[in-house]
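One structure is given here, and the rest of the page talks about it.
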Amino acid sequence: MTAIKYNGLSPGPDGRPHKMQPRWRQDFPIDTPQDNYIARRDFTKFMILTSGAFVVGQLWIALHNHFRKRRGKPPEKAIAAVQDVAVGGAMGFRYPDRQLCMLIRPDQDIFLAYGNKCTHLHCPVRPMFSENKLQCPCHNGYFDLQTGRPLAGPPRLPLPRISLEIRGDVLYATGVELRT
């Protein structure tokens, strides 16, 4: 069926000519076939604007990541006195932003600190000094006590290591080493 145009407009949805349409349709004469038509210029403009928005979004993410990395080194924080940690003992502390960590003293002169969440499903790990390991009891994962590297079980990534400094008789946490 061919639509007959009246004053440049197609007949309304009910088939009656424009003059016989209700008053509201006469005040807003939208030609339905022309309303669905998109010119190549309009489509190109839409694609350029959309692509530009994606580029701006990617630049924003890159800049945000760049400035986040450049904030400087993490704060230094006193975590314990040397005499408070027994040889063959461990204690928990929070560093840098309330992340739970573990300070370990396997020997008289050795202090180690790691993030206390297993890299598999974030269960807390516990030291096993007799076997020189850290154990994740949730899925029987094991990490090397000296390096934090995974030895067995589901964990594939090493524990984040906390850098330590001894000043006088006080241990300070000075940074986080994320390793792969």
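Points worth noting:
- Protein heavy-atom surface of the chain, 1.4 angstrom probe: 57% of the accessible area is carbon and sulfur, with nucleic acids and ligands not counted.
- For Leu145, residues with placed amide H under 5 Å, excluding near neighbours: Lys133, Leu134
- Among the cysteines of the chain, Cys101 have no other cysteine beta carbon within less than 4.7 Å of their own.
- Note, ³J(HN,Hα) from phi for segment 156-170, Karplus 6.51, -1.76, 1.60, rounded to Hz, x at Gly and Pro: 10, 9, x, 5, x, 9, 9, 6, 10, 9, 10, 10, x, 10, 10
- With Cα atoms, 0 to 90° folded angle of helix 40-69 axis to the chain main axis: 10
- Exceeding the 30 Å Cα-Cα cut-off - candidates Lys69/Lys117; Lys45/Lys69; Lys77/Lys117: Lys45/Lys69
- In order along segment 85-91, the Karplus-derived 3J(HN,Hα) couplings, from 6.51 cos²θ - 1.76 cosθ + 1.60 at θ = phi - 60°, round to 9, 6, 4, x, x, 8, 8 Hz, and Gly and Pro are given as x.
- Using a probe of 1.4 Å, the accessible surface attributed to Glu165 totals some 70 Å² when neighbouring protein chains are kept in position.
- Cα gyration tensor shape of segment 65-180, rounded if a/c is under 1.5, else prolate or oblate by comparing a/b with b/c: oblate
- Relative contact order for segment 86-169, counting Cα pairs under 8 Å that sit 6 or more residues apart, in percent: 21
- 5 angstrom amide H check on Val176, placed H, neighbours 5+ away: Ser163
- Trypsin sites (Lys or Arg not before Pro) restricted to DSSP loop in segment 118-180 with at most 14 other C-beta within 10 Å: Arg156, Arg179
- Accessible area per residue for the chain is 71 Å², calculated with a 1.4 Å probe on protein heavy atoms, without ligands, DNA or RNA.
- Note on the chain: helix-only mean residue ellipticity at 222 nm, from DSSP H runs of 4+ residues weighted -39500 (n - 2.57) and normalised by residue number, equals -7000 deg cm²/dmol.
The values are calculated or read from the model by the stated rules, or taken from the named source; none is laboratory data. In this text, all values refer to a predicted model and were calculated from it rather than measured experimentally. Positions of Cβ are backbone-derived with ideal geometry, glycine not excepted, and every protein chain shown enters the neighbour counts. Surface areas here come from the heavy atoms of the whole protein model, side chains and all, with no ligands, DNA or RNA. Shrake-Rupley method; radii C 1.70, N 1.55, O 1.52, S 1.80 Å.
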